[in-house]
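Report on the following structure.
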Amino acid sequence: MSRPPAEPPRPASASVASPTPVLDTIDLAVLRLLRRRPRAPLADVATALGIHERTVARRLDRLTATGRIRFTAVLIHDFLGGSLIAELAVRCAPGRLHDTALALARRSDTHSVEVATGTPEVFVEMAVPDQRHLLNVVDGSIARMDGVTGVHSQVVLRLLLTANDWAPFDDEPTELRRAVSEGRPLPEPIAVDELDEQLVALLQADARMSMTRLARELRVGESTARRRMARLMGSHILHLRLEAEPELLGFPVEARFRLAAAPEERSAVLRALGREPAVRHLVLTTGTHSLLGYSSHRTLEELDAFTTRAFRDAGSAVETALLMRSYKRVGRMAA
């Protein structure tokens, strides 16, 4: 009987308390598998990678203890409707970029906050109930912040790809990515009830919570809990995630791009972007530059190759910027 391979020596800097864990090939293999299957039993992970289950558990405990890697669940409200998802570009006075980004990240209604190369702007994604509230935000609380000189707003009309669809190391694309790349309509959203929301809340606290415990906490049978989860995940409304900064997974170069595609060109552009594994977020918005997306790459050379290939037919109607810092992701302050 063959024995699992021994663990390679750990770098001295990779302590459990380290805020920036150093990942080796085994760490990356574990994270990549769990990123696609967050609830996979550790025994299955160990078997797939040819290592001991205790090794998997030890590695995972060390990595999650840093706070830079965690398991969570997200209910994608973009698919559910009921609110507006707004994309804001907040223009800042010289020297006020960092303070403004930090203040915006601390707001409870912001979903993501980042700064990129180009004009001194903070890019914000937030959810608002309706147009009236958006006006109050754009012309009120944010416009009146110290250091803010202007606010440009767009509303998301359609969410196409999310971080769940970004997996450049996977052989097969997700169903959503396949639909976008083939020009097919996305799955219709489903209605959720109070039990669904309770299930998601439990998974947000611990995405790997056992089905037995989930059923007990929900006070339903295990088959009911399992059926509810399968229904939510099958509709793409519920995303179970192993959250990790792209940099930790070997993709330190992140870009933000906007395109002004004519209506007759939009379908072809979307299909081309859907075929690009580097794209990790893609939405259709209001405004001239109505396609907004993000991509992650190993090097600047890969980013250059991506832009040359993906935007070949877009001409001068493309704006790209390199992300310099993320202050908030998925509603959570970045480390």
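The values are calculated or read from the model by the stated rules, or taken from the named source; none is laboratory data. Treat the numbers as computed from the prediction; the structure is a model and nothing was measured. Reconstructed Cβ throughout: ideal geometry from the backbone, glycine too, with neighbour counts over all protein chains shown. The area values use the complete protein model at the heavy-atom level, side chains included, leaving out ligands, DNA and RNA. Shrake-Rupley method; radii C 1.70, N 1.55, O 1.52, S 1.80 Å.
Here are the numbers for the structure shown:
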quantity	calculated
Lone qualifier among 222, 264, 319 - being open to solvent by 30 Å² or more (accessible area, probe 1.4 Å), without any contact (Cβ under 8 Å) to a residue 12 or more places away in the chain and more than 25 Å from residue 192 (Cβ to Cβ)	264
Residue that is farthest from the chain's Cα centre (by Cα) [pool: residues in segment 233-264 that are closer than 19 Å to residue 177 by Cα and part of a helix (DSSP H, G or I)]	234
Residue ID - modelled with the highest pLDDT, chosen from residues in segment 17-36 that are charged (D, E, K, R) and assigned to a helix (DSSP H, G or I)	27
Exclusive hit being modelled with pLDDT under 90, within 26 Å of residue 106 (Cα to Cα) and among the basic types (Lys, Arg), set 312, 325, 280, 332	332
Helices (runs of 4 or more DSSP H) contained in segment 37-104 and holding at least 3 residues farther than 22 Å from residue 233 by Cα	42-49, 53-65
Criterion violated by residue 205 - all others in (1) in contact (Cβ under 8 Å) with a residue 40 or more places away in the chain; (2) under 25 Å from residue 61 (Cβ atoms); (3) hydrophobic (A, V, I, L, M, F, W, C); (4) open to solvent by 20 Å² or more (accessible area, probe 1.4 Å) satisfied	(1)
When residues of segment 183-202 are limited to those that are in a helix (DSSP H, G or I) and charged (D, E, K, R), the one least open to solvent (accessible area, probe 1.4 Å)	196
Answer residue from segment 244-260, given it is out of contact with any Ser or Thr (no Cβ under 6 Å at 6 or more places or on another chain) and among the acidic types (Asp, Glu) and is farthest from residue 38 (Cα to Cα) among those	247
Extreme residue, most open to solvent (accessible area, probe 1.4 Å), among residues of segment 243-261 that are closer than 14 Å to residue 299 by Cβ and out of contact with any helix residue (DSSP H, G or I) (no Cβ under 8 Å at 6 or more places or on another chain)	247
Positions within segment 170-182 being of a type outside the set (Asp, Glu), in a loop (DSSP other than H, G, I, E, B) and open to solvent by 50 Å² or more (accessible area, probe 1.4 Å), in sequence order	173
Candidates 215, 230, filtered to the one that is at pLDDT 95 or above, part of a helix (DSSP H, G or I) and closer than 24 Å to residue 38 by Cα	215
Count of segment 188-216 residues which are among the small types (Gly, Ala, Ser), within 20 Å of the chain's Cα centre (by Cα) and over 13 Å from residue 75 (Cβ atoms)	1
Condition check for residue 245: within 30 Å of residue 192 (Cβ to Cβ) and in contact (Cβ under 8 Å) with a residue 60 or more places away in the chain	yes
Inter-residue pairs, beta-carbon under 9 Å, first within 18 Å of residue 108 (Cβ to Cβ) and open to solvent by less than 30 Å² (accessible area, probe 1.4 Å) and in segment 133-152, second of a type outside the set (Ser, Thr, Tyr) and assigned to a helix (DSSP H, G or I), 6+ apart	142/104
